[in-house]
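The next block holds one structure in the form of structure tokens; read it before the comments.
The values are calculated or read from the model by the stated rules, or taken from the named source; none is laboratory data. Everything quoted here is computed from the prediction, not taken from an experiment. Here the Cβ positions follow ideal geometry from the backbone for every residue, glycine too, while neighbour counts run over all protein chains shown. Side chains are part of the model used for accessible areas, which takes the heavy atoms of the whole protein and leaves out ligands, DNA and RNA. Shrake-Rupley method; radii C 1.70, N 1.55, O 1.52, S 1.80 Å.
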Amino acid sequence: MAEVQEVKKERESLFSKKNRKLITDPLNDSNPITVQVLGICSALAITVKLYPALVMSLSVLFVLSAGNVVISLMRNLIPNRIRIIVQLVVVASLVILVDQVLKAYVYDVSKELSVFVGLIITNCIIMGRFEAFALGNTPWKSFLDGLGNGFGYAWILLTVAFFRELLGSGQLFGFQIVPESWYLSEGGFYSNNGLMLLPPMALITVGIIIWVQRSRNTELIEEN
Amino acid sequence: MQELINIFVKSIFVENMIFAYFLGMCSYLAVSKKVNTAVGLGAAVIFVLGITVPVNYLLENYILKEGALSWLGPDFAEVDLSFLSFIMFIAVIASMVQLVEMIVEKFAPALYGALGIFLPLIAVNCSILGGALFMQERNYNTIGEATVFGLGSGVGWFLAIVAIAAIREKIRYSHIPAPLRGLGITFIVTGLMGIAFMAFMGIKL
């Protein structure tokens with residue numbers, strides 16, 4: 001009897017408070033992009049439009065959560081000295097999978113993303129989460145952690161893409177949002193801000209997101 | 001010769017890894033607090049890019065590309081291994097980084113100490129893999145062009161990280177709104193530098 005009770009004590013429900021925190025924390029307080037400064041590399045160049053940004057987010061979400069599970073399952077088998085290589089091989093195989101699927105089903109988008117799909121391999125979020133979390137936690141927790149960080153990455157990407165596409169070309173997902181009659185050529189007052197389409201504005205948009213986030217959550221403010 | 005110089009100048013200024021493609025941003029943001037460490041990391045990146053891009057070029061052209069294996073005999077003329085390129089490139093990069101790490105540890109221990117964790121992280125520096133993938137996408141004709149492209153991208157990255165490190169050393173004395181301090185202002189300054197670098201886009205090469 002006593003044994004059974006002990007087992008019950010140790011078991012944690014799948015969505016206990018601690019597990020839920022694994023998902024919600026990376027969305028804001030420890031966001032991979034704006035707080036941990038990871039994974040910016042392959043992210044920003046594809047935020048000109050919402051659709052490629054969405055595809056990119058989903059790819060990263062998949063690679064991150066699946067990779068986390070795989071690494072977590074193998075965590076007791078990986079020798080410490082060659083763990084980086086093992087991690088790279090796992091990520092690279094998952095990314096090859098994603099790349100081939102994208103080429104098969106959404107060829108246009110995969111052309112648009114060009115080298116950036118391959119660059120998911122070197123996305124620091126993925127290596128960072130493998131190192132910091134999956135190597136020391138159970139598969140289910142690692143999966144949740146992967147989901148959380150993937151969503152944390154995705155919402156920044158989608159926000160940046162939203163503003164860049166809306167202000168830069170007046171569209172969202174390729175549909176015209178700003179009425180045609182507003183444009184100067186139609187006798188209106190509005191014209192698209194071409195600067196938003198250029199790469200530097202992605203950086204400035206992220207800078208502004210960081211500004212907003214830190215003025216709401218003053219604990220995150222840095223020294224300088 | 002002129003072609004080589006064009007590629008070199010283009011990869012430094014017009015298609016700068018940081019300002020035009022945001023590659024290698026993580027280490028760029030993390031290591032750019034002091035000029036000294038920035039110079040060290042920048043030099044390491046030039047070196048690694050200068051080696052890995054030509055090595056990957058050979059790999060791509062003699063093993064991976066469609067029909068690249070034809071030197072083995074007519075049976076292999078139609079083999080296309082290009083789907084393996086990611087994993088091969090990353091293996092080459094990881095081993096080259098290991099090599100560089102050993103060399104730096106032997107000949108410049110002070111630099112080794114200063115770089116610390118960031119040296120192995122060059123393996124996951126996007127600009128290195130990005131260099132190899134751009135090389136693959138742009139189909140350079142000779143190994144010379146690939147080498148020059150690699151070196152040029154490295155120099156461009158070096159330039160960017162040293163410039164931002166110098167700015168960050170000075171920015172400490174200015175009065176910035178508290179939530180923007182640190183990361184936020186670095187992003188915005190990088191954006192402004194990127195806009196400045198866009199001026200080079202007009203140059204026809």
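Laid out as a table, the results:
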item: Over the stretch A:53-169, volume per residue of the alpha carbon convex hull, in Å³; result: 94 Å³
item: Other-chain or far-sequence residues with amide H under 5 Å of A:L172's (modelled H); result: A:I177
item: Dimensionless Rg/Rh of the stretch A:167-208 - Kirkwood Rh, Rg from C-alpha atoms; result: 1.06
item: Calculated FRET efficiency for the pair A:N76/B:E3, C-beta based, R₀ 56 Å, to 0.05; result: 0.55
item: Protein heavy-atom accessible area occluded, B/A pair - total, 1.4 Å probe, Å²; result: 3800 Å²
item: Whole-percent carbon and sulfur share, accessible surface of the protein assembly as shown, 1.4 Å; result: 65 percent
item: Distance between modelled label sites at A:S215 and A:L195, nm, 7 Å Cα→Cβ extension; result: 1.9 nm
item: For the stretch A:45-58, 3J(HN,Hα) per residue [Karplus equation, 6.51 cos²θ - 1.76 cosθ + 1.60, θ = phi - 60°, Hz, x = Gly/Pro]; result: 5, 9, 9, 5, 10, 5, 5, x, 4, 5, 4, 4, 4, 5
item: For the protein assembly as shown, the fraction of alpha-carbon pairs in successive 10 Å shells from zero, as %; result: 4, 20, 30, 27, 13, 5, 1, 0, 0
item: Per DSSP, loop GluC sites (Glu not before Pro) in the stretch B:14-103 with at most 15 further Cβ within 10 Å; result: B:E66, B:E78
item: Kirkwood Rh, angstrom, chain B [1 / mean 1/r, Cα pairs]; result: 18.1 Å
item: Alpha-carbon Rg/Rh ratio, for chain A, with Rh computed the Kirkwood way; result: 1.07
item: Distance between the stretch B:56-115 and the stretch A:174-224 - C-alpha centres, whole angstrom; result: 40 Å
item: Simple spin-label estimate for A:L58 and A:L158 in nanometres, 7 Å along Cα-Cβ; result: 1.2 nm
item: Qualifying trypsin sites (Lys or Arg not before Pro) for the stretch B:156-205 [loop in DSSP, other Cβ within 10 Å: at most 15]; result: B:R172, B:K204
item: Accessible-area ranking of A:E219, A:E112, largest first, probe 1.4 Å; result: A:E219, A:E112
item: Zone of B:M201's modelled label, taken as backbone nitrogen in the stretch A:110-137 under 11 Å from a point 7 Å along Cα→Cβ; result: none
